[in-house]
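Structure, as structure tokens:
The values are calculated or read from the model by the stated rules, or taken from the named source; none is laboratory data. Because the structure is predicted, anything quoted here is derived from the model rather than measured. Quick reminder, even Gly has a Cβ in these numbers, built from the backbone with ideal geometry, and neighbours come from all protein chains shown. Surface areas here come from the heavy atoms of the whole protein model, side chains and all, with no ligands, DNA or RNA. Shrake-Rupley method; radii C 1.70, N 1.55, O 1.52, S 1.80 Å.
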Amino acid sequence: QSLRDSIRIEDTPQRRQRMLGLQMALTKLHEEILRDFPSYARFLSFYGKTDLSMVQHQLTPGEALVDYFVGPRFIYALLVRQDTTVLVEVSVPGGSSALEKTVDQYLAALQEPARYQEFVTTAYQLYQWLLAPLVAHLSEEDRVTIIPDAIMQLIPFEPLLAQMPAKLIYDYSQLDYLIGRYQFAYHRSITELSKQRARASTAQSPPSVVAFAPGFGKQLHGQYQAYPDYSKDTTYLAFDSLVHLTQNVEWLADHLGATTFQWEAA
């Protein structure tokens, strides 16, 4: 770190050239240490420092991180791959207020199957704004971890549309969802993700899995209403029964040995 702090770009061409050479040599040394001594990454994580080269070292082939920064007027996306980092300005006419309005419409349409046209329009618009500018840099990546900011934390990227349908035929099965092109994951920060991966690299056994599926059946709604403070919670009481959650947690139990809690037990 002292070397990093001491390197400054000077005015003379000779000094500038020498300093650039030192910066390149230092970066190369850092990458070699990360490669040869995994414990170094853990050491850095203890002190709350995350170097982008360390993050890149933790990525696997075909994987990318996209970290979004939302301001009142400008939105940026930092794309991190194994070999490159790219900062892209995301053009959203109207800035964050327009983005927030479109996200609200998108989320509302997701919950109402009859709002097909609104869903198609907003799902494609959000793709055009947030991911399309990055596609040229994702030619070899099909696994993308999204680190959202502000209103973007509410957006599921999987149902976004890579293209508009030729005709509005109100058939959801014919749409070009991003889930067919990318496997998405989500995290709250690059720093936390890097620390998490550094800790995971020392694990001797796979983590255990616990799955909860309350299902929101009639009996559960009835029990909930029995508590005076909760009896007017219209949001909870409006939840439909999610019977297919049982299939999901049973798959987790069969394939991953998950401990499961269903219905009232959950």
Original post:
Rolling a 1.4 angstrom probe over the protein heavy atoms, how many square angstrom per residue are accessible across the chain?
Top reply: 63
Subject >> Sorted peptide list for 150-163, 220-233, 248-261, criterion being average Cβ within 10 angstrom, highest first >> reply: 150-163, 248-261, 220-233
**OP:** Could I get the Rg over Rh figure for the chain? Both from C-alpha atoms, Rh via Kirkwood, rounded to two places.
**Re:** 1.05
Subject >> Whichever lysines have a C-alpha closer than 16 Å to that of LYS195, once near sequence neighbours (fewer than 8 apart) are set aside >> reply: LYS49
**OP:** Apply the Karplus parameterisation 6.51 cos²θ - 1.76 cosθ + 1.60, with θ equal to phi minus 60°, to every residue of the stretch 135-148 and state each ³J(HN,Hα) to the nearest whole Hz, in sequence, with x for glycine and proline.
**Re:** 4, 4, 9, 10, 5, 10, 9, 10, 10, 10, 9, 9, 10, x
Subject >> Portion, in percent, of the accessible area of the chain that falls on carbon or sulfur, probe 1.4 Å >> reply: 54
Subject >> the chain, helix-only ellipticity at 222 nm - DSSP H runs n ≥ 4, -39,500 (n - 2.57), divided by all residues, nearest 500 >> reply: -12500 deg cm²/dmol
Subject >> Rounded to whole Hz, the Karplus (6.51, -1.76, 1.60) HN-Hα couplings of the stretch 224-230, x for glycine and proline >> reply: 5, 5, 5, 8, x, 5, 9
**OP:** Within the set of other residues whose C-beta is less than 14 Å from the C-beta of LEU59, count the net charge using Lys and Arg as +1 and Asp and Glu as -1.
**Re:** -4
Original post:
Where in the stretch 98-117 does the label zone of SER173 land, with the point 7 angstrom along Cα→C-beta and an amide N cut-off under 20 Å?
Top reply: 112-117
